[in-house]
1. Hey, any hits in the range A:615-638 for a residue that's assigned to a strand (DSSP E or B) and among the basic types (Lys, Arg)?
2. When you scan the range A:1-97 for strands (runs of 3 or more DSSP E) that lie fully inside it, which ones turn up with 3 or more residues that are closer than 30 Å to A:THR317 by Cα?
3. Please determine, by comparing only the residues of the range A:176-226 that are within 20 Å of A:MET508 (Cβ to Cβ) and in a helix (DSSP H, G or I), which one is nearest to the other protein chains (Cβ to nearest Cβ).
4. When residues of the range A:118-133 are filtered for being surrounded by fewer than 16 Cβ atoms within 10 Å (Cβ to Cβ), touching a Leu at 6+ places or on another chain (Cβ under 9 Å) and not basic (Lys, Arg), how many remain?
5. Which numbered condition trips up A:VAL522, out of (1) crowded, with 24+ Cβ neighbours inside 10 Å; (2) modelled with pLDDT of 95 or more?
6. Of all residues in the range A:676-735 being in a loop (DSSP other than H, G, I, E, B) and among the hydroxyl-bearing types (Ser, Thr, Tyr), which is farthest from the other protein chains (Cβ to nearest Cβ)?
7. Could you count how many residues in the range A:141-172 are buried (at least 19 other Cβ atoms within 10 Å of the Cβ), out of contact with any Pro (no Cβ under 9 Å at 6 or more places or on another chain) and small (Gly, Ala, Ser)?
Amino acid sequence: MSSFTVVNHPISRIDAIEKVTGRAEFTDDLAFDGMLHGRVLRAKYPHAKILELDTRKAEELPGVVAVITYADIPGAQAIGPVRPDMPVFVSTRTMYLGDAVAMVVAETPEIANRALALIRVEYEELPTIFDVEEAVSEGALQLHKDYPGNIVNHYPLRKGNVEEGFKESDIVLERTYTTQLIEHAYIEPEAAVAVPGAADGTVTVYGSIQNPFTARRHVAQVLGVSLNRVRIIQCAMGGSFGGKDDVVSAICARAAVAALKTGRPVKIVNTREESIIESYKRHPYVMKYKVGATRCGKLRAMEIHILADAGSYVSMTPFVTWRSVVQATGPYEVPNVKTDVYGVFTNNTYTGAMRGFGSPQIIFAQESLMDELAEELGMDPLEFRLANAFKQGSVTASGQILDEHTVSLVQVIEKATEAIGYSEKRKAYAENKAQKGKVRGVGFAASYRGVSLGAEGVDAAGALVSVQPDGSVYLHSGLAENGQGLKTIFSQIAAEELGCRFEDIVFMDTDTSVIPDSGATVASRSTTMGGSAVRDAAKKVREVLLGVAAELLNAPYEEITAAGGKMYVNEDPARCMEFKDVAKAAYGKGQLMAAIGWYQAPRVSWDEKTGQGKAYFTYVYGCQAAEVEVDCDTGQVKVLKVAAAHDVGRAINPATVEGQIYGGVTMGMGYGILEEVELQDGVTKTRNFDEYLIPTSMDVPEIVPIIVENPDSYGPYGAKTIGEPTCELLAPAIANAVYNACGKRIRRLPLDLERVLLGYSLRAARGKRGSDEA
Amino acid sequence: MKKVKAEQKKLISFTVNGDDVKVEISADTRLIDVLRNKLNLTGTKEGCGIGECGACTVLMDGKPVNSCLVPAFQVEGSVIETVEGLDKSGELHPLQEAFVEHTAIQCGYCTPGMLMSALALLRENPKPTREEIARAISGNLCRCTGYHQIIAAIEDASAKIRLSE
């Protein structure tokens, strides 16, 4: 049993009641007096010059209050998390189909819709690039000045000497793997409402905003005002998965510009079609791997060349591809490594953060490759991996020694493969040579993953704990609930540390006017970073309360325990006070019962030229094993069972950890066999859920979540992370299982019917994003 | 011609969660618009507008429908049930309780529609198998949970409802 009172228990979510009753307030549920509705006119062509923009007729339509264009923006014309290159409204040139040209603001959404048709835009189409290899080829059209060769960024990594390494190798394999463009597909489309403030030039924006502080920065820049003139309040989030960041910042900025121009609240809600056309997606990668190993199965060298399709704007590409360069070899000891990762501009829909963040692509490649190499060596893929796997004290490709946490790779691999019966089944299924009917196979994939931002950027977070005179508690956090369960986890940590009851805590919606800028709720950093900040705040308040309790109980401070809503003397628990009575007494004594907690990540380092350094302060390890059934006649892959073993350090809430595993595995399955956003010459073809298929309840396999706990020295109560690792492993596990089932090695995602049956995609719409020749 | 028709107003009467209501609609008003915009029943969510995601599921004369696909004029005289009706007695419905207990919720956007599909299932089939549950909610997309805890919750609720009857 757990030695904790609140933490490490599967407590019901703190936001469960409001969500099952329909009372949770999502952005589109908000209404304000005099509220107007904004509808956006989007680019007609992915790359075109705007010769003329005439909005007069739209403005004349009764019920239209304003038509907003770039000319109405008082401050910065463009925004972006890394580089400000994405226009809020385009002025002269469209770069992709989702660009906003103008926005009608009207009394009703219907009137705004009608007015959109009255806006006249004259375009001159420009030459386009949709293929990354074409974009980096010599003499290619340059899409953005200041980016020669259409290269957004280049990350090299050099370790040892790969030429020597390949010479020492008995077997050298070269393989190319490609992954597709996919959509976050949060069920709630993007939305924001901007409300002009009473004070001149201030504005409050409510929205489906993953990162309130990023949105605030962007809105303030676009309005040309200081940060404190903009207040962002996050509403209940209908899913995000990395997706409601820069795209929502742009929507917030449009709403804010319109609200200040009209003096009335302005709401913008994307339709599903707009959401898929406008929002950024997961990067498609073209990955060339060359690997060398000795006959006895030791990896000697790896050379990796990756092109990541950034699409039209920089967005998060430099950070996404940085995680790729760190983790590209997988969790294996490779003495000689040469990796080059490039982000590349095209006129495709721009790509950015999505759950996994540069890892699902490379893991598909490296884990397919490990199976291929084992096969060439005549080794069992499991034994081969275990022989090369990171162990305590191993050195990563970037030269980091893994000795500050428990390296549990072997443990998770063994747990997941055992749960699926990998070794016995693999041998049995490999004998199956049927080319007709249904055949089964097993496969697995393993990974290591840096926790939080690493050397990407500033990494610190804050929280505010405020105990009231009756013992109830407000908890504010700079990191935000996105649906994952952050409010619950943080409240558990606060209750554990304060010694109050879980139900005494009310978690307040994230409001940028209350809490310090804590960076973004990304990189699976919430529990480690934000959780540590909550713990820090709660600890400060507990010390005040313990001081009061010590006085009243007439016992030394250090001999009092606070737990479960009581404070008692260790030696004599009958000498005890209710938490609420201590709070009341502390209030009566004029004590401060509120504190800001802060947590700054341990130091990390990175050398941009060599790709060497301590990339992340700690890592998590995961392994997912799958059993599949392949229909040889149709190419259909059915995933029957998945075992997912993840080291989370400490499960603050085992029920929400399991929820993350079920959800991440399912999303990973969609990536593996179902999902692909089709772009035909930059035009989005899959615009709604009738064409863009995500897993339904009929598609999900049996899932066995295996929580492994090796407490970490940094995270709160030893907790690390779970959100993203669950979503990065299943696609290669499925690809390996398909090979085991029918002997077909598929190096392109997704493994849909056509690719499995024919080896290529029939739809001509595909192939322009570096995913297919067909 | 069409546009003129769309702007013609009409009054319809129906019951929602047991209350009689009268609402003015246009020819192009959808049931979801009536619920959310006219009656302020915002628990029902819109996710796709084409009947694919199921977030807008409500019961119409006991059957689950995508309220984004139902023209409001068809609702005349019918009985509509939404998520707001589930705990109207002041107590959570066993399905709601089970969703809470099983952590069958993450972002919560699909939850109201999911609950209504489950309610329709349990009325028709008080003892469904897991397979039948999965089929009953297959029109309700969830991107967060992977459905497992939702299916477990519905199964548990069905047992509790049978016990209490």
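1. Within the range A:615-638, the first condition is being assigned to a strand (DSSP E or B), and the residues that meet it are A:619-631, A:637-638.
Pick out the ones that are also among the basic types (Lys, Arg) and you get A:638.
Yes.
2. A:36-42, A:48-54
3. Top of the filtered list is A:PRO212.
4. Kept after step one, since they are surrounded by fewer than 16 Cβ atoms within 10 Å (Cβ to Cβ), are these residues of the range A:118-133: A:120, A:122, A:124-125, A:127, A:133.
Within this subset, residues satisfying the condition of being touching a Leu at 6+ places or on another chain (Cβ under 9 Å) are A:120, A:122, A:124, A:127, A:133.
In the following step, the residues that additionally are not basic (Lys, Arg) were identified as A:122, A:124, A:127, A:133.
Number satisfying all stated conditions: 4.
5. Going through (1) crowded, with 24+ Cβ neighbours inside 10 Å; (2) modelled with pLDDT of 95 or more one by one, A:VAL522 breaks only (2).
6. In the first step, residues of the range A:676-735 are kept if they are in a loop (DSSP other than H, G, I, E, B); the result is A:676-678, A:681-682, A:685-701, A:709-715, A:719-724, A:728-729.
Add one more test, that the residue is among the hydroxyl-bearing types (Ser, Thr, Tyr), and what stays is A:686, A:692, A:696-697, A:713-714, A:721.
Values: A:THR686: 12, A:TYR692: 9, A:THR696: 5, A:SER697: 4, A:SER713: 28, A:TYR714: 26, A:THR721: 16 Å.
Ranking the candidates gives A:SER713 first.
7. Going through the range A:141-172 one residue at a time, the tally reaches 1.
Quick grid of which residues meet (1) surrounded by fewer than 17 Cβ atoms within 10 Å (Cβ to Cβ); (2) within 30 Å of A:LEU453 (Cβ to Cβ); (3) assigned by TED's automatic domain parsing to the domain that holds A:GLU709:
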| residue | (1), (2), (3) |
| --- | --- |
| A:ALA586 | no, no, no |
| A:GLY611 | no, yes, yes |
| A:TYR619 | no, yes, yes |
| A:CYS623 | no, yes, yes |
| A:CYS632 | no, no, yes |
| A:LYS638 | yes, no, yes |
| A:ASP647 | no, yes, yes |
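The values are calculated or read from the model by the stated rules, or taken from the named source; none is laboratory data. Everything numeric in this text was worked out from a predicted model, so none of it was measured. A quick note on method: Cβ atoms are made from the backbone with ideal geometry, for glycine too, and the neighbour counts reach across all protein chains shown.
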